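Read-outs throughout are calculated quantities, based only on the coordinates presented, and are distinct from any laboratory measurement. Bear in mind the structure is a predicted one, so any value in this text is a computation, not a measurement. Please note: Cβ atoms are built from the backbone with ideal geometry, for glycine as well, and neighbour counts cover all protein chains shown.
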């Protein structure tokens, strides 16, 4: 985590006295989460071989087809998946891009 201990963060949250304060805090957290997702997506390039665990619990290995702002399109066999970059791991980097 950062320099701020989680106890201090908890105190700040508990000090919010209205729903409006909590809604603003929620929007700030969502915004930060979206930025981190976009940063994570930059780690992938078209042609990379990646792997991830599906909702069904099976592992899927496929090739990156497109990198979007919040998701990465991965083709596993005949199926196209839109996956959060946080769930992906690189198996093999695209040789042309390396």
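Calculate, for residue 89 and residue 13, the FRET efficiency according to 1/(1 + (r/R0)^6) with r their C-beta to C-beta distance and R0 35 Å; round to the nearest 0.05.
Values: r = 32 Å, r/R0 = 0.92.
Efficiency, rounded to the nearest 0.05: 0.60.
Cα gyration tensor of the chain, axes a ≥ b ≥ c as square roots of the eigenvalues: rounded (a/c below 1.5), prolate (a/b > b/c) or oblate? Mind showing how you got there, number by number?
On the way: a/c = 2.85, a/b = 2.48, b/c = 1.15.
Because a/c hits 1.5 or more and a/b exceeds b/c, the chain counts as prolate.
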Checklist entry - Based on DSSP H runs of at least 4 residues, each adding -39500 (n - 2.57), what is the mean residue ellipticity at 222 nm of the chain after dividing by all its residues, to the nearest 500 deg cm²/dmol? => result -11000 deg cm²/dmol
Checklist outcome for this item: For the chain the mean separation of alpha carbon contacts under 8 Å (6+ apart) over residue count, i.e. relative contact order in percent, is 23 percent
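Rounded, prolate or oblate: pick one for region 50-89, where a ≥ b ≥ c are the square roots of the eigenvalues of its C-alpha gyration tensor, a/c under 1.5 means rounded, and failing that, prolate if a/b is larger than b/c, else oblate.
Values: a/c = 1.83, a/b = 1.25, b/c = 1.46.
In terms of gyration-tensor shape, oblate.
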Item to check | Angle in degrees between helix 19-41 and the longest Cα principal axis of the chain, rounded to the nearest 10 | outcome: 20 degrees
